[in-house]
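These notes are about the structure you will find just below.
The values are calculated or read from the model by the stated rules, or taken from the named source; none is laboratory data. Computed from a prediction, not measured in an experiment: that's the story for all the values here. Here Cβ is always computed from backbone atoms with ideal geometry, including for glycine, and neighbour counts include all displayed protein chains.
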Amino acid sequence: MRRSALSLVLSVAAAMLGACSDEDFDPITRITAPRVLAVVSEPTVLAVDGDVRLEVFTVDLAGPLPPLGQTVRMRACTPWKLLADPARDCAGADALPLAPDERGRFTVSTQQLIDAFPPPMSTGATLETLRLALAAGLELRVPVIAEVEASGEPLLARRDLHVVEEVGTLQNPRFAELRFDGAATQTLRAGQRYRLTAAFDRQSLDPSSDDDDEPSALEELDCNFYSPSGALAQREVDVEELDVAVPETEANAYTPDARGATWIYVVAADETGGMTAGAFPLTIE
């Protein structure tokens, strides 16, 4: 499995860090407490002369948590140092606190980052010097740390922003629908095993930069699935058949285990940092 933006998002509930035996652990696909599943940015990358808006996707057993229904602090970290420990390596002068807007979203610009974290061994750093560095082949990523308190649970999430000359055609993928045995339904039967796939709007998928022989080729997607109830056969599946009207993931499987209302959560990421997160309500009969 190739490395994608999903590997850059880490969510930890402090209450889960105690010593447990193997039998005490639920599958990683099972939501048993508040969890940050993604930090979504718009646009997907940070342009030299632009900014990005960031929002956490936090869920619990009862559904997705609204941005204003949780306490969120977010900070950008210096890109010039290795970030191994957010508490130690993204603090003081190495951290830029971000302020939320009225909808609980956070915005950071490249100019703010240059002002806060001047490149080492340089004076009078400007956006132009950064542009020249990128043109020379510099790979620059800015870690962003989100600290979330939801229902009394402390959570930590990280998202790395790739700095580029311009955003261009890059975009976040968009869900079309969730399918069970090929149908977009929200009503399932307890105990029945369903073939689960997530379908996407093909127009939201980016062209692949890795296939020079196929200019129309699209980036692959990784999808991670979660639910508060029932059993998911796999955590992660791919979207590989892209040359169709409505691309969808390879088959996962979902077996509801209790009657009532529940959710399927899906986080999808492409090869260049595009990410989307969705919450799909279900009724189990």
If we keep only residues of the range 231-260 that are acidic (Asp, Glu) and in a strand (DSSP E or B), then the residue surrounded by the fewest Cβ atoms within 10 Å (Cβ to Cβ) is Asp238
inquiry  = Condition (residue is touching a Cys at 6+ places or on another chain (Cβ under 8 Å), in a strand (DSSP E or B), surrounded by 15 or more Cβ atoms within 10 Å (Cβ to Cβ) and not polar (S, T, N, Q)) applied to the range 128-143: is it met by at least one residue?
reply    = yes
Residues in the range 113-132 that are at pLDDT 85 or above and either of a type in the set (Asp, Glu) or not assigned by TED's automatic domain parsing to the domain that holds Leu46 (or both) total 1
Within the range 171-179, is even one residue surrounded by fewer than 18 Cβ atoms within 10 Å (Cβ to Cβ), at pLDDT below 90 and assigned to a loop (DSSP other than H, G, I, E, B)?
no
When the range 180-194 is checked residue by residue, the ones that are loosely packed, with under 14 Cβ neighbours inside 10 Å and in contact with a Lys or Arg (Cβ under 8 Å, 6 or more places away or on another chain) are Asp181, Gly182
Checked the range 90-112 for anything of a type in the set (Asp, Glu) and either part of a strand (DSSP E or B) or at pLDDT 95 or above (or both); matches are Asp94
Note on Asp206: of the conditions (1) over 21 Å from the mean Cα position of the chain (by Cα); (2) in the same structural domain as Cys223 (by TED's automatic domain parsing); (3) of a type in the set (Asp, Glu), unmet is (1)
